[in-house]
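Working notes for the structure below.
The values are calculated or read from the model by the stated rules, or taken from the named source; none is laboratory data. The shown structure was predicted, so the numbers you read here are calculated from the model rather than taken from an experiment. Backbone-built Cβ (ideal geometry, glycine too); neighbour counts: all protein chains shown. Heads up: the accessible areas ignore ligands, DNA and RNA and are worked out on the full protein's heavy atoms, side chains in. Shrake-Rupley method; radii C 1.70, N 1.55, O 1.52, S 1.80 Å.
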Amino acid sequence: MEFRALARLGSVVACLASIAPAWALDADVQGISGRPADNIAIYLGGLDAAQYSQSRLESVVRRRSMEALRVYGYYEPQLQLAFAGDPVERVTVMVEAGPQVVIQSLNFQVRGEARRDETFVDALEAFPLSEGDPLEHAPYDRLRNRLSALSLERGYFDSRFLDRRMEVRPWEQSARLYLTLDSGPRYRFGEPRFHGSHIDEDRLRRMLPFEPGDPYLAGDIARYNQRLGQSNWFSSISVRPRVGGDASLALDAPAGPGWWQQADLQGEGAPASPPADTPVEGPMISAQTLAAVRSVTPQSLDVPIDVTLVPADRHQFEVGVGYATDVGPRLRFGWQQPWINRLGHSLNHDLFLSGPEQRFTGEYAIPLEDPLRDSYRLQYGFRHRDSDDTRSLEASVELARRWEFENGWVQSAYLRSTFEDFTQGVDEDQTFLLYPGISWSRTRTRNPRFPSWGDRQRVAIEYSNTAWGSDIEFFRSTADSQWIRMLGRDNRFIGRVGLGSVETSEFERMPPSLRFFTGGDRSVRGYAYESLAPRDEEGALLGGQQLFTASLEYQRRVTGDWWGATFIDTGDAFDDWGPDQLNTGAGLGVRWISPVGPIRFDVAHPFDDDENDWRIHFAIGPEF
């Protein structure tokens, strides 16, 4: 038995040893340079010389080299081939290109309704070649594919080419290009048909980016798919336009960039040459779709839209664990209900636990006419703080009206009620506040996990008066701005500025949540968390009426997901504008882009703290 096993093993080894490795043929092109030479190398790069005899290999190399030159207008080149290696590993192609074919006539037309469609007109005008230019196949192929893609993207489903010819006369070094598209009529959006939705149909119709009867546009299908996803009401979404029967015009939209921004046309519409410099734009269309569109001619020009939906889980839970030197270990428990009725109302709760602070918050959202942009929000919560000289127990309720604009800015007008029982240094009080406010904010990022570009701005104004029941009168305003920019792939810059002001004649009654403090991981590093603010005679923190912070950080990629950082922070909370000096810290840090998000480790030196030479800051999570 052992002998037979060894024999079988020996046979396997012998078979493996007898298999010769397959090597791509290496081509050295001489006599011509640039894209024609590169194209020859591409055409020959996939050859395995070991699969051919010497004469057969020479024939294949010669034929492919001729084809590679033909797409650049060289129809009568002279080639000399020299092979090296046994088996052949390299070929030298000596090229005498000969005369280049020149375009003598261009005849491009669009007929039907698309002749007045500016997108088609622009596509024809963008053709890069003119009469008298050397012939290249790729621009012609791209234009043909572009017109096909536009026809499907913009609803010309009966379109067909009446003429598509490239007449080349090598003996005259001339070419005549013909392309005539008959678009036929443009189809229109029909009525949407909803299947499986638990949300009131009227809500879903309000999110449509088109109206029945509007000209068909594939991009609107993708936008509607995206809007439905942003609502968080569904776990699965399929939006499919249909010409007739089961003939689908679009593939399911993937999770990546919009599918309507790419084209993948196969069959007779494919270019004769390898991929050219510029990708074809347009909707992603399956081969089955093309066949269905060309074979089905419905009686109506209306395209019904089938919307198939699967409800999201009604109860969703999240658990988060983190650590920061400001607050130490922290836990977060989230309970989200993305929908609680057919109107799409949602209810979310969060519990945050750390050493100095414990917080429970809830939010009830009521979508309005535009469910994604307009809503009422009822927020409520409890917070307990016990940190250094601050002890506070707070309960609050807020009713807000929220608008999101096309430019990304979010406006929120709110009325907030707060009761806070607090001790701040020597100030001890119980305060009830009822005050309106308004805020504007915008956050933009690319790659949210570790943004390569982004910015965030927020401005808020609040006013309280005893005339409507508040215990104190105040006017409070805050403004924050942060930027992230990249220089190349390995240099990253982060800037941050924060301002705040509160005007009141009864500052000693202001609760700690509305006073200003700074210092810590996310403000002025080198100083303890919220340790920078005016103090009383005994050194206890009181908080400030004004705030200013600024930070500048430079990061440099070391290797892979590891970055080094250097930074300088400055700022303070104070009672009068124009403080004598600001507290400043600077230091070095390390950033690691982990699977759970960026991990930041900083060592900072406080220039204005005689008791500490340095402080360590550690945090997990993105800057925004």
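In table form, for the structure just shown:
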read-out	value
Spacing of the two label points (7 Å from each Cα toward its C-beta) at ARG377 and HIS198, in nm	2.3 nm
Prolate/oblate/rounded label for segment 67-148 (Cα gyration tensor, a/c 1.5)	prolate
Where the chain is the region considered: accessible area per residue in Å², 1.4 Å probe	51 Å²
Stokes-Einstein diffusion coefficient of segment 544-594, Kirkwood radius over Cα pairs, 4 °C, 1.567 mPa s, in µm²/s	101 µm²/s
Descending semi-axes in Å of segment 311-402, equivalent ellipsoid built from Cα gyration tensor	30, 17, 10
log10 of Debye I(q)/I(0), alpha-carbon scatterers only, for segment 573-624 at 0.14, 0.17, 0.20, 0.25 Å⁻¹	-0.53, -0.68, -0.79, -0.93
Using alpha-carbon coordinates, inclination of helix 35-45 to the longest axis of the chain, degrees	80 degrees
Long-range tail of P(r) for segment 521-573 (Cα pairs > 16 Å, %)	54 percent
Solvent-accessible surface ranking, highest first, for MET207, MET166 at 1.4 angstrom	MET166, MET207
P(r) weight above 25 Å for segment 410-552, C-alpha pairs, percent	40 percent
The chain: Cα Rg divided by the 2.2 N^0.38 Å rule of thumb	1.35
Histogram of C-alpha separations across segment 333-450, 5 Å bin width, %	2, 10, 14, 16, 19, 17, 11, 7, 3, 1, 0
Segment 146-213: proportion of alpha-carbon pairs further apart than 21 angstrom, %	55 percent
Length added when fully stretched, LEU487-VAL410, from 0.36 nm per residue minus Cα-Cα	24.8 nm
Residues LEU301 and ARG165, FRET efficiency given R0 of 30 Å [Cβ-Cβ distance, rounded to 0.05]	0.50
Given charges at Cβ of Lys, Arg, Asp, Glu: segment 467-515 dipole, positive-most of SER481, MET510, TRP468	SER481
Gyration tensor (Cα) of segment 418-471, equivalent ellipsoid semi-axes in angstrom	36, 17, 8
Relative contact order [Cα under 8 Å, 6+ residues apart], the chain, whole percent	7 percent
Most to least accessible of TRP562, TRP339 (protein chains only, probe 1.4 Å)	TRP562, TRP339
Shape call, segment 490-539: gyration tensor on alpha carbons, a/c limit 1.5	oblate
Trypsin sites (Lys or Arg not before Pro) within segment 365-470, DSSP loop, no more than 13 other Cβ atoms inside 10 Å	ARG449
Residues with amide H under 5 Å from that of VAL327, placed H, sequence gap 5 or more	none
³J(HN,Hα), Karplus 6.51/-1.76/1.60, whole Hz, each residue of segment 511-524, x for Gly, Pro	x, x, 5, 10, 8, 10, 9, 8, x, x, 4, 10, 9, 10
For the chain, calculated [θ]222 nm from helices alone, where every DSSP H run of n ≥ 4 adds -39500 (n - 2.57)	-5000 deg cm²/dmol
Sites PHE618 and ARG449 - FRET efficiency at Förster radius 22 Å, r taken between beta-carbons, to 0.05	0.75
Accessible-area ranking of THR566, THR180, largest first, probe 1.4 Å	THR566, THR180
Translational D in µm²/s for segment 502-615 (Stokes-Einstein at 20 °C, 1.002 mPa s, Kirkwood Rh from C-alpha pairs)	139 µm²/s
Base-10 log of normalised Debye intensity for segment 434-513 (one unit scatterer per alpha-carbon) at q = 0.20, 0.23 Å⁻¹	-0.87, -1.03
For segment 55-68, Karplus couplings with θ = phi - 60° (6.51, -1.76, 1.60), whole Hz, Gly/Pro x	5, 5, 4, 4, 5, 5, 4, 5, 5, 5, 5, 5, 5, 5
Environment charge of PRO512, counting only residues whose C-beta is closer than 10 Å and scoring Lys/Arg +1, Asp/Glu -1	-2
Dimensionless Rg over Rh [segment 389-459; C-alpha; Kirkwood]	1.16
